[in-house]
Amino acid sequence: MVKYAMAVDLDRCQGCRACMESCKVENNTVQGNFWMYVFRFEEGTYPNTEMSFLPRPCQHCDNAPCVKVCPVGARYKREDGIVLTDTDRCIGCRYCEVACPYGVNYFNWVEPKKAQYPVVNWEDEDLATVTSGAVPPYRNPDLDELQGPEQRHTAGGGHAKGVMEKCTFCVHRVDKGLDPACVATCPTNALIFGDTEDPDTPISRYLAEKRTWDLLEDAGTEPRVHYVGGSPPTHARVEIERPKARA
Amino acid sequence: MLPAATIEKYEGPISATDQYIDAVTLRIPPMEPLFESRGEIDIYMDLCERIGTLFGDGGYLSVVNNELKLTDTEFALPLDEKPTVRGIFDQWARAQGIEEGIEYFEDPSRGVFVKGPMKPTKVYGYAFDPPFGGALHRLYGESLLDVQRQMIDKGAEEAYYQDYTPFPTWRTPTMDGSPDDYEFYLISYHQIEHKQARTSFIPLLAELAPGARLDIHPEPAQRLGISDGDTVTVESHNAVTGETRSLQTTVALCEAIRPDTVAMPHHFGMWTHPQNKGQGASANEIYFTGKGYTANTADQSFHVKVKVTKGGGA
């Protein structure tokens, strides 16, 4: 049985946030929602300061607290390890958001069509002067397909107001044998994705060779995202350069 | 016909030599041009066809033949038939001796066509007889010194000739002549999310890096009563003319910056697009050019001292 996992090599990550950008483009998420989020930390006092980076997708926990609290079974874990949200079933109670210790759940507070890039009003006459009226086709049709053996509506973001959405490991790509968009985009190969049940996959070999740690190991969530290099964040690290949504 | 595509177009031939090996490549479009944009060559051909200068001797196609060195070869483009852009570069590739034509460059495992070792005479002037074809050369620095002497002879002020030196020489930076209350050095920098000012109107990028800010160390900030997120006025001073310029922006406290230095990203403020209004000011607004700041060597156009005060100014 395939079991997917991700390795995040912090010694390779340069904090460019291309993964955040590719996630938004691939999944059509609502403005301000960052399913992949790269923390930029600053630590120490001048001149002995250090910057560090921490990419944080959904951890796709084997012991997922969000799945346990979902009252309607919208949040569920697939056999291959991916934790998903059935956006047709989600009632927007936000229990998962409270239960998750990683802060990976993003609620659609407004109608996504209105919230998506609201600075771009494609009917704006000013804008039409520079685009000749062209409207980019942002929506990926794969996101509207039913996914996996359960045939549930789980891929992509921006589906409806009042539902919770989060990283899907790009389930619509993974089911086609592709890597998640963040992994495919990372310019330093800091993100590695694949099947950990097969010992010959790149991620299995990587995890076997390297010393790894998990975020909030004490929480007992058993994440399927494993970190290599760097060190777990401490309170001595101050987050800097937050994107707009978290300012 | 417009607008022009950016990277999604054919472009070339592009030299890929490394001073030892002569090589050439083509930019193959990674995708179809976006929306209604098109490659320049398509645009030029349509334009020339419309105004009647595409075909025949002296027409656009004959110029393309000359530029790609196809004229009078079996690969020359016919002057009475409109080619495709891919077809033009296919003929050029065949003229280079590549049997499969443009397909060679479309194969990402190859991409670059290596012609062979460079001829010494192509690179080394000394390989000629007489060397450099008999032309007399002088060092760049000699020219600068010559210009400096001419300026002195003509009675120019030192501020104008001081930086025309044969070798880069240290002098006290012009900005250090500003009064002491202009206590900070201002530097501007490039954010990793943005390429240039024009990328700030892409909503997805602006979401990650949304606008201008002033990075300042917490110690001077505290002394000035400034907290993270405050609006401040940044005023620069021209040490030669006494002119001051100012802008308003918000503060981002930063432990890693030198306490005597403040910094601003340079992507914002110079908006040219309806969608990037309101992203804040550009650091370029308060730099100076001209006497003492712009120079042939040791240019100081981006060297200025500023003072920072809390609030939005007058």
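The values are calculated or read from the model by the stated rules, or taken from the named source; none is laboratory data. On a predicted model such as this, the values are computed, not experimentally measured, just so you know. Every residue, glycine as well, gets a Cβ built from its backbone with ideal geometry; the counts of neighbours run over all protein chains shown. Each accessible area value is taken on the protein alone, full model and side chains, heavy atoms only, with ligands, DNA and RNA left out. Shrake-Rupley method; radii C 1.70, N 1.55, O 1.52, S 1.80 Å.
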Problem - B:Tyr182 of a type in the set (Phe, Trp, Tyr) and open to solvent by 100 Å² or more (accessible area, probe 1.4 Å) - result: no
Exercise for the section: With the checklist (1) surrounded by 16 or more Cβ atoms within 10 Å (Cβ to Cβ); (2) small (Gly, Ala, Ser); (3) modelled with pLDDT of 90 or more in hand, flag the one item B:Gly87 doesn't pass. Expected result: (1)
Exercise for the section: Please work out which residue is nearest to the other protein chains (Cβ to nearest Cβ), limiting yourself to the stretch A:74-89 and to residues that are open to solvent by 30 Å² or more (accessible area, probe 1.4 Å) and over 22 Å from A:Met6 (Cα atoms). Expected result: A:Asp88
Exercise for the section: Tell me, yes or no, whether the stretch B:205-223 has at least one residue that is part of a strand (DSSP E or B), away from chain A (no Cβ under 14 Å) and within 27 Å of the chain's Cα centre (by Cα). Expected result: no
Practice task
For A:Asp218, state whether it is assigned to a loop (DSSP other than H, G, I, E, B), of a type in the set (D, E, K, R) and without any contact (Cβ under 8 Å) to a residue 24 or more places away in the chain.
Solution key: no
Handout entry: Subset of the stretch B:182-204 that is hydrophobic (A, V, I, L, M, F, W, C) and away from every other protein chain (no Cβ under 11 Å) - its residue that is nearest to the chain's Cα centre (by Cα)
Key = B:Ala197
Exercise for the section: Scan the stretch A:43-51 and give yes if some residue there is buried (at least 24 other Cβ atoms within 10 Å of the Cβ) and in contact (Cβ under 8 Å) with a residue 12 or more places away in the chain, otherwise no. Expected result: no
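Results for (1) outside the structural domain of B:Ile21 (by TED's automatic domain parsing); (2) in contact with a Leu (Cβ under 8 Å, 6 or more places away or on another chain), shown as yes or no for each residue.
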residue	(1), (2)
B:Pro120	no, no
B:Ser143	yes, no
B:Thr165	yes, yes
B:Gln196	yes, no
Exercise for the section: Could you check the stretch B:68-157 for helices (runs of 4 or more DSSP H) lying wholly inside it with 2 or more residues that are closer than 30 Å to B:Pro168 by Cα? Expected result: B:140-153
Handout entry: Number of positions in the stretch B:1-57 that are more than 19 Å from B:Glu103 (Cβ to Cβ), open to solvent by 60 Å² or more (accessible area, probe 1.4 Å), among the hydrophobic types (A, V, I, L, M, F, W, C) and free of Cβ contacts under 8 Å to residues at least 40 places away in the same chain
Key = 5
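Table: residues versus (1) assigned by TED's automatic domain parsing to the domain that holds B:Thr165; (2) touching a helix residue (DSSP H, G or I) at 6+ places or on another chain (Cβ under 9 Å); (3) within 20 Å of B:Ala239 (Cβ to Cβ).
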site: B:Ala256; (1), (2), (3): no, no, no
site: B:His266; (1), (2), (3): no, yes, no
site: B:Met270; (1), (2), (3): no, yes, no
site: B:Gln279; (1), (2), (3): no, yes, no
site: B:Ser282; (1), (2), (3): no, yes, no
site: B:Glu285; (1), (2), (3): no, no, yes
site: B:Asn296; (1), (2), (3): no, yes, yes
site: B:Ser301; (1), (2), (3): no, no, yes
Exercise for the section: Report yes if A:Asp62 is modelled with pLDDT of 95 or more, under 21 Å from A:Asp142 (Cα atoms) and among the acidic types (Asp, Glu), otherwise no. Expected result: no
Problem - Count of residues meeting criterion [open to solvent by less than 40 Å² (accessible area, probe 1.4 Å) and either free of Cβ contacts under 8 Å to residues at least 12 places away in the same chain or under 11 Å from A:Asp9 (Cα atoms) (or both)] in the stretch A:227-247 - result: 3
Problem - Filter result for the condition that a residue is of a type in the set (S, T, N, Q), within 22 Å of A:Asp175 (Cα to Cα) and either within 14 Å of chain B (Cβ to nearest Cβ) or crowded, with 24+ Cβ neighbours inside 10 Å (or both), over A:Gln59, A:Gln14 - result: A:Gln59
Exercise for the section: Could you tell me which residue of the stretch B:192-234 is modelled with the lowest pLDDT, considering only residues that are polar (S, T, N, Q) and surrounded by 17 or more Cβ atoms within 10 Å (Cβ to Cβ)? Expected result: B:Ser200
Problem - Single unsatisfied condition, A:Val67 versus (1) touching a strand residue (DSSP E or B) at 6+ places or on another chain (Cβ under 6 Å); (2) open to solvent by 10 Å² or more (accessible area, probe 1.4 Å); (3) assigned to a loop (DSSP other than H, G, I, E, B) - result: (3)
Fill in the blank from the handout: How many residues of the stretch A:179-197 are in a loop (DSSP other than H, G, I, E, B) and under 19 Å from A:Gln59 (Cα atoms)? The answer is 7
Fill in the blank from the handout: Given (1) open to solvent by 20 Å² or more (accessible area, probe 1.4 Å); (2) touching a residue at least 12 places away in the same chain (Cβ under 8 Å); (3) away from chain A (no Cβ under 11 Å), B:Thr244 misses just (2)
Exercise for the section: Could you tell me whether the stretch A:140-157 includes any residue that is under 30 Å from A:Cys93 (Cβ atoms), within 14 Å of chain B (Cβ to nearest Cβ), at pLDDT below 95 and touching a strand residue (DSSP E or B) at 6+ places or on another chain (Cβ under 6 Å)? Expected result: yes
Fill in the blank from the handout: Residue pairs within 8 Å by beta carbon, gap of at least six or interchain, first lying in the stretch B:214-240 and polar (S, T, N, Q), second open to solvent by less than 50 Å² (accessible area, probe 1.4 Å) and part of a helix (DSSP H, G or I), listed first then second, are B:Ser227/B:Ala221; B:Ser236/B:Ile286
Handout entry: Residues satisfying the stated conditions in the stretch B:247-268, i.e. small (Gly, Ala, Ser), within 20 Å of B:His194 (Cα to Cα) and free of Cβ contacts under 8 Å to residues at least 60 places away in the same chain
Key = B:Ala252
Exercise for the section: Could you list all residues from the stretch B:264-296 that are more than 25 Å from B:Pro203 (Cβ to Cβ) and in contact with a Phe, Trp or Tyr (Cβ under 7 Å, 6 or more places away or on another chain)? Expected result: B:Tyr287, B:Lys291, B:Asn296
Practice task
For the stretch B:100-110, state whether one or more residues are surrounded by 15 or more Cβ atoms within 10 Å (Cβ to Cβ), under 22 Å from B:Leu26 (Cα atoms), hydroxyl-bearing (Ser, Thr, Tyr) and free of Cβ contacts under 8 Å to residues at least 24 places away in the same chain.
Solution key: yes
Problem - Cβ-Cβ under 8 Å pairs, at least 6 apart or on other chains, the stretch B:63-81 side among the β-branched types (Val, Ile, Thr), far side open to solvent by less than 60 Å² (accessible area, probe 1.4 Å) and in a loop (DSSP other than H, G, I, E, B) - result: B:Val64/B:Leu70; B:Val64/B:Leu77
Practice task
For residues that are at positive phi, away from chain B (no Cβ under 14 Å) and in contact with a strand residue (DSSP E or B) (Cβ under 7 Å, 6 or more places away or on another chain), tally how many sit in the stretch A:202-247.
Solution key: 2
